[in-house]
1. If Gln180 passes every condition in (1) within 16 Å of ligand 1 (Cβ to nearest atom); (2) open to solvent by 10 Å² or more (accessible area, probe 1.4 Å); (3) part of a helix (DSSP H, G or I); (4) in contact with a strand residue (DSSP E or B) (Cβ under 8 Å, 6 or more places away or on another chain) but one, which one does it miss?
2. Any residue in region 158-182 that's closer than 20 Å to Ile136 by Cα: show its pairings with residues that are open to solvent by 20 Å² or more (accessible area, probe 1.4 Å) and modelled with pLDDT under 95 at Cβ separation under 8 Å, as long as the two are six or more apart or on different chains.
3. Can you confirm whether Ala84 is assigned to a helix (DSSP H, G or I), away from ligand 3 (no atom under 13 Å from the Cβ) and either under 26 Å from Ser289 (Cβ atoms) or acidic (Asp, Glu) (or both)?
4. Considering (1) out of contact with any His (no Cβ under 9 Å at 6 or more places or on another chain); (2) under 22 Å from Ile297 (Cβ atoms), say which one Lys83 fails and leave the rest.
5. Can you name the number of the only condition in (1) open to solvent by 50 Å² or more (accessible area, probe 1.4 Å); (2) outside any helix (DSSP H, G or I); (3) modelled with pLDDT under 55; (4) among the small types (Gly, Ala, Ser) that Ala37 fails?
6. Give just the number: which of (1) touching a residue at least 24 places away in the same chain (Cβ under 8 Å); (2) of a type outside the set (Asp, Glu); (3) more than 24 Å from Asp87 (Cβ to Cβ) does Ser192 not satisfy?
7. Would it be correct to say that Phe223 is out of contact with any Pro (no Cβ under 6 Å at 6 or more places or on another chain), closer than 28 Å to Gln58 by Cα and modelled with pLDDT of 95 or more?
8. Looking at the structure I just gave you, is Ser78 out of contact with any Gly (no Cβ under 6 Å at 6 or more places or on another chain) and within 13 Å of Ile136 (Cβ to Cβ)?
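The values are calculated or read from the model by the stated rules, or taken from the named source; none is laboratory data. Keep in mind that this is a model prediction, so the values were computed, not measured. As a convention, Cβ positions derive from the backbone with ideal geometry for all residues, glycine included, and neighbour counts pool all protein chains shown. Accessible surface areas use protein heavy atoms only, side chains included; no ligands, DNA or RNA. Shrake-Rupley method; radii C 1.70, N 1.55, O 1.52, S 1.80 Å.
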Amino acid sequence: MKLSAPIRTLTAAALLTTGLLAAPMASAAPTPERPGAAALAAPDIPVADVKAHLSELQSIADANGGNRAHGEPGYKASIDYIKAKLDAAGFTTSVKEFTTGGSTGYNLVADWPGGDEGQVLMAGAHLDSVDSGPGINDNGSGSAAVLETALAVSREQLKPAKHLRFAWWGAEELGLVGSQNYVDSLPEDERSKISGYLNFDMIGSPNPGYFVYDDDPAIEKVFKDYFAGLNVQTEIETEGDGRSDHASFLDAGIPVGGLFTGAGNSKSSAQAEKWGGTAGEAFDRCYHSSCDTTKNIDETALDRNSDAIAHAIWELSS
Ligand code: TRP
Ligand code: CA
Ligand code: ZN
């Protein structure tokens, strides 16, 4: 009994160096129970499943006056949709209320049972839209990709060394209100257990760039290496520092990272050369507009970023 785990680990390491890991692993024994074992490769996140969540969020907006904004019925319906998926997959969920602008807001937090509770890896996305549209790229995209990554954790029955926690924030569009409320409400000992927070806000822009937050070198490297492996060049995210929920964590001294495909800024000709798309046009021409619908998504960007999220979660929690 005692011998099986070390032998399996050794074999996996040997196969990795010879590049033969994928085929033999398929017939190998199930995931080692030993926490801290060499990281297993993250699964491919099916982009069709991420898009299916976006269609549901679009339907929720359509049925609720065209948006999913804080204080509007489409926001709470979005929370209910995500929560039901997580509950069915075995997460421990909690909806945390706060009040801002005279209305009740909601954060959804989902814990994956297990791992070292003294080392918590978090990933999150804001779930609210602006009043003017359904908010499918901003930020159905991050919300759906984080959801599908959490569901992949459940499908694989991942046994990470660290404890995993996923979050969907309310009232980001009113000034990062939900994420700030969450960080402020954590007792200091809980806050100090968070080893990292990964943020995903706008990851399917129709004229995409591939931007990586450069706030923490170790987290940044995980994302940059992943895109290098796809032969996709990246740039540091600079379109407005502190303009998303990672700022709430960064201000509290928690290491942060994340991905972004661009908002209202326009793509330069150098960027169009490296990434394709249209120079002189906004990364997201429907940013904060009624046309931020399911049509306002670049499927390739959504797919690459969703897979990068899973890769980072697997790697950073092992
Ligand atoms: N958070 C902004 C919004 O929701 C979008 C945005 C602008 C952004 N600049 C950013 C997100 C940089 C992440 C990083 O409107
Ligand atoms: Ca994929
Ligand atoms: Zn926005």
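1. (4)
2. Ala171/Gly101; Leu174/Gly101
3. When the stated conditions are applied, Ala84 does not pass them.
4. (2)
5. (1)
6. Going through the list (1) touching a residue at least 24 places away in the same chain (Cβ under 8 Å); (2) of a type outside the set (Asp, Glu); (3) more than 24 Å from Asp87 (Cβ to Cβ), Ser192 breaks only (1).
7. no
8. Yes.
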